[in-house]
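Below is one structure, written out as structure tokens; the observations come after it.
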Amino acid sequence: MPTLHDKFKRNNGELIRADDWNDMLKEVDGLIKGVEDSLTIQINALDTRLETLENQVEGMVEITEEAKKIHTALRSRFYRLDLATEHSTFAIGQRGTITATIMGLTDDQTLDLSNPATRPWIDFVTVWGNLKAAPGFTSRGGAGDQTISVQVNAQGVAQVLIRSDHAENFAEEEEQEISNFLSTRPVANNNRSIADFMLQAATPQDAVLNNAYLAINQAYDRQQTSAPVLQKYVDTYYLQKPARVATTFTPSFINRWRDYRATVMAFLKPDSSPITADGALATASIQVTFRDWIGPWYHLGYLAVLPTITPPLADRFRNLIDAEVSTSVSRAVKEVNDSLVGKGVLGQQRYLIAVNEAMGSLQFATTPPPATKEVVQAIRYGSQMQTSMLYAQYMSPGAETKAAGFEITAESSSRANAEAGKVKEELTRAVDTKLTEASNSLKTEVQRDQVAFKTELMAEDGPILGVTQKLVEFDTRVKALDDTVKSKADVALISGVLGALPR
């Protein structure tokens with residue numbers, strides 16, 4: 001398409017005529033009109049789109065206002081809640097601290113927690129173990145709680161302590177003593193604590209645990225005016241659920257660790273009132289693990305020393321036995337009752353097991369006293385019965401702590417042996433008397449029966465005389481027959497002789 005320049009081009013010196021000029025203006029007018037028409041169309045389209053955009057902007061303004069309202073409501077109604085702990089794995093006896101921190105929904109939001117009366121509360125819930133508020137925090141809880149409410153402080157922090165469920169009845173200072181003991185180092189020049197050894201060992205049978213087990217043995221058996229806290233702590237764990245320690249029910253946990261995984265959940269709420277209908281302002285959860293070392297220690301550490309304590313017990317009880325059963329058993333009962341003083345439940349159990357094994361392998365350099373068999377039997381029966389009764393005895397309110405089962409069983413066994421001896425003697429005499437009486441009676445009866453039988457046999461109508469008479473008759477008949485035969489034989493002989501003569 002030719003341009004205006006092409007159509008109206010003039011060389012130097014050529015005149016521009018009016019027609020050329022007018023034609024050029026017409027062309028320019030046409031171009032301008034085309035541009036105007038095009039712009040009009042585009043502007044009309046832009047107007048339409050702008051009107052639509054204005055409508056959309058008005059809607060967005062409304063949405064933005066609503067979003068602002070929602071954002072304001074969310075900022076004032078909801079928070080962020082974070083849970084953290086210094087460690088994720090603990091040994092039973094240690095306490096895990098769960099720290100909850102509340103924050104605004106956005107980083108630029110500052111919470112006003114200056115007024116204690118309006119600070120929110122956090123409900124903590126655990127699926128295992130027992131919760132108590134950390135020192136310095138306001139809380140609402142009860143005995144044996146797996147839930148507890150704690151108010152956040154001015155920094156928006158609330159803390160709870162989680163521990164084994166059997167530790168509920170222990171005072172704060174007792175729990176701290178257990179935790180401190182587990183933090184001690186059983187090996188010189190080694191920074192690992194008893195708890196570290198328990199948590200880092202691959203299995204309960206790992207040789208690196210020997211020193212830790214030995215340290216626990218010594219702490220458990222330590223004699224004090226009152227029972228050591230560790231002894232009380234371990235015994236409480238056993239008495240709560242004996243099956244966790246008895247290998248009859250849980251043999252696999254001697255070869256591998258038993259770990260309790262506790263999930264702690266937290267729910268933030270505006271206040272602590274249980275009657276207000278408050279929804280959760282924020283939620284969070286965290287999981288920690290507690291390792292049971294008590295069961296493995298009892299079998300692999302505490303009972304492992306039986307071979308070293310059994311021989312001395314055998315020597316001690318051997319010297320208590322003499323020729324008198326009841327006296328020997330009384331000495332043994334006193335020995336057991338005296339030895340059980342100061343021992344915990346598991347300590348008494350180990351001692352009774354050792355007594356039973358010692359008496360089972362008892363040997364004498366010379367001839368044992370006559371009462372040895374009965375005394376050994378009584379002591380073994382008593383130790384077995386007392387071992388079985390320990391749990392029931394400790395769980396019975398007001399029950400005596402002495403070895404009542406051992407005393408009753410052992411003395412009953414000795415009395416039974418004594419009574420059995422008396423009964424044996426009396427029974428032997430009675431049997432001998434009865435045998436003599438029976439023998440004499442039998443002799444008399446036999447003699448009487450013999451006379452009667454003889455009389456019966458010799459009676460006129462009795463079998464002997466009857467047979468004799470029949471024999472006489474038979475003998476007579478035989479003789480007569482013999483005579484007849486003889487006479488017949490003579491006639492035949494004569495006839496035979498005569499017949500043989502010549503004629």
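The values are calculated or read from the model by the stated rules, or taken from the named source; none is laboratory data. Not measured: the values here are computed from a predicted model. Neighbour counts run over all protein chains shown; Cβ positions are idealised from the backbone, glycine included.
For this structure, a couple of remarks:
- Residue match in segment 288-295 (condition: assigned by TED's automatic domain parsing to the domain that holds Phe170 and in a helix (DSSP H, G or I)): yes
- A single member of Ala202, Ala195 is small (Gly, Ala, Ser) and without any contact (Cβ under 8 Å) to a residue 60 or more places away in the chain, and it is Ala202.
- Any hit, segment 338-357, residues being of a type in the set (A, V, I, L, M) and surrounded by fewer than 17 Cβ atoms within 10 Å (Cβ to Cβ): yes
- Enumeration of residues in segment 82-97 that are among the charged types (D, E, K, R) and crowded, with 17+ Cβ neighbours inside 10 Å: Arg95
- Contact annotation: residue pairs with Cβ atoms under 8 Å, 6 or more positions apart or on different chains, pairing a residue in segment 353-370 that is under 30 Å from Ala246 (Cβ atoms) with a partner that is aromatic (Phe, Trp, Tyr) and crowded, with 19+ Cβ neighbours inside 10 Å, are Val355/Phe317; Ala358/Phe317; Met359/Phe317; Leu362/Phe317.
- Unmet criterion (only one of (1) part of a helix (DSSP H, G or I); (2) modelled with pLDDT under 95; (3) aliphatic (A, V, I, L, M)) for Ala188: (1)
- Residue match in segment 318-340 (condition: under 28 Å from the mean Cα position of the chain (by Cα) and either part of a helix (DSSP H, G or I) or without any contact (Cβ under 8 Å) to a residue 12 or more places away in the chain (or both)): yes
- Counting only strands (runs of 3 or more DSSP E) that fall entirely inside segment 78-177 and contain at least 3 residues that are assigned by TED's automatic domain parsing to the domain that holds Ser285 and within 27 Å of Ile194 (Cα to Cα), the qualifying elements are 89-91, 96-103, 130-133, 157-163.
- Filter result (β-branched (Val, Ile, Thr) and touching a Lys or Arg at 6+ places or on another chain (Cβ under 9 Å)) within segment 179-197: Ile194
- Flag for Gly347 being within 27 Å of the chain's Cα centre (by Cα), touching a residue at least 40 places away in the same chain (Cβ under 8 Å) and not in a helix (DSSP H, G or I): no
- Some residue of segment 174-183 being more than 25 Å from Ser88 (Cα to Cα), at pLDDT below 95 and surrounded by fewer than 16 Cβ atoms within 10 Å (Cβ to Cβ): no
- Put simply, of Thr276, Thr263 the only residue that is β-branched (Val, Ile, Thr) and in contact (Cβ under 8 Å) with a residue 60 or more places away in the chain is Thr263.
- Within segment 147-174, residues that are acidic (Asp, Glu) sit with their Cβ atoms under 8 Å from residues that are surrounded by 15 or more Cβ atoms within 10 Å (Cβ to Cβ) and in a strand (DSSP E or B), at 6+ positions apart or across chains, in these pairs: Asp165/Asn130; Glu168/Asn130.
- Single residue of segment 236-294 satisfying the filter (modelled with pLDDT under 90 and among the acidic types (Asp, Glu)) that is farthest from Thr85 (Cα to Cα): Asp278
- Residue match in segment 391-403 (condition: modelled with pLDDT of 75 or more, farther than 21 Å from Asp315 by Cα and buried (at least 18 other Cβ atoms within 10 Å of the Cβ)): yes
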